[in-house]
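This report refers to the structure that appears directly beneath it.
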Amino acid sequence: MTTETRLAFAHPSERAAATATSDVLDRISVRDHTVEVEIGAFQAERGVTQRICFNIAVEVQPLSGPIDDDVDRILSYDRVTEAIQAALAVERLALLETLADRVAELILAEPQAMRVFVRIEKLDRGPGALGVEIMRAKDSTPSPTEVTPDVPEQPELVFLSNAAIAAPHLNGWLDQLHGFGRPLVLCVGASDSAAPQVAHKMAQRRIDLLAIEQNAWVLAARDDRCVVVETRTELEWAMKNGQTCVWAPSKIVLDSVDTPSAQPRDAVALAAWFAATFEAREMLVIGADLPDDAPVPLRAVSVDAKTLPHA
């Protein structure tokens, strides 16, 4: 086997050594760190966990003085495994490439880390290991101030019942909500038309989520200011740019690490879970009953009200 081929399948620490520069750098490694997680772009990978294995090598600046056997002076292995846990905790991911990039970014945020090799492999998708490997260096990574996104102002969360969507006051309510001066996110439930019913729980969940998304488009058709959004990235961009968002829940719900207990048929409760992800101060609920329990304060508003309360 040629040297190049051998290195292609060697541990990342060997790859790091083979491509080392003239700078003297220390190297730490994590080998065969295996976790079970739900990940993958295919439908067969949803609703199940699979083993993924991490092999990571980090090149670090040597300490300028004695270590004194003090763990606080080094980049410890725990910081590497914590980066893995943190990247997995944000949301359900479809691609190993995305996960590898996020792990590398978190590791390179450590002051001592200069270059990192990250290899991630799926162990349960076939007879062998399927994976990706990336290398990232600090000089090609934006500074922490550049990678930290602007946090949009806390949004105004509003749930609209079907009666509220059809109400003559809808445009006036939106005028008032815009006047409050905060980004506006609207949530809806399914229409009054019955969605198809199937015996498969996961399929029914998807159908019920899609029924909500259909109704989101009905609301968007009532007022040109409303834009249907389905990802957190779209939401953050829209809020920063003054758009009125209508939440299409499928992707965020299905990709959530902290899966909501509320079912799509309990639309107000599901919207309250979504509001809690923003740490919302409260959510207005126009024309619908409030659930017995919710992770954020809810304020009921009659569908006949012309004036909305301002938190």
Review point. Quick one: which of L210, L284, L235 is touching a helix residue (DSSP H, G or I) at 6+ places or on another chain (Cβ under 9 Å), modelled with pLDDT of 95 or more, of a type outside the set (G, A, S) and over 14 Å from F159 (Cα atoms)?
Key: L210
**Study point:** Identity of the residue in region 245-269, among the hydrophobic types (A, V, I, L, M, F, W, C) and closer than 16 Å to R232 by Cβ, that ends up surrounded by the fewest Cβ atoms within 10 Å (Cβ to Cβ)
**Key:** V257
Practice item. Among the residues of region 283-295, write down those that are touching a residue at least 60 places away in the same chain (Cβ under 8 Å) and within 27 Å of the chain's Cα centre (by Cα). Key: M283, L284, V285
Revision key, fill the gap. Residue pairs qualifying under the 8 Å Cβ cut-off, at least six apart or on distinct chains, with the first in region 113-138 being in contact (Cβ under 8 Å) with a residue 12 or more places away in the chain and the second being hydroxyl-bearing (S, T, Y) and buried (at least 17 other Cβ atoms within 10 Å of the Cβ), are F117/S13
Check your understanding: Do we find a residue being under 22 Å from G242 (Cα atoms) and modelled with pLDDT of 70 or more anywhere in region 160-168?
Key -> yes
Check your understanding: What residue, of R51, R15, R27, is modelled with pLDDT under 85, among the basic types (K, R), surrounded by 13 or more Cβ atoms within 10 Å (Cβ to Cβ) and in contact with a strand residue (DSSP E or B) (Cβ under 6 Å, 6 or more places away or on another chain)?
Key -> R15
Point to revise | Checking V257 against (1) among the β-branched types (V, I, T); (2) more than 17 Å from the chain's Cα centre (by Cα); (3) not in a helix (DSSP H, G or I), the condition it does not meet | key: (2)
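The values are calculated or read from the model by the stated rules, or taken from the named source; none is laboratory data. Note that this is a predicted model, so its numbers are computed, not measured. Methodologically, a virtual Cβ is constructed for each residue, glycine included, from the backbone with ideal geometry; neighbour enumeration extends over all protein chains shown.
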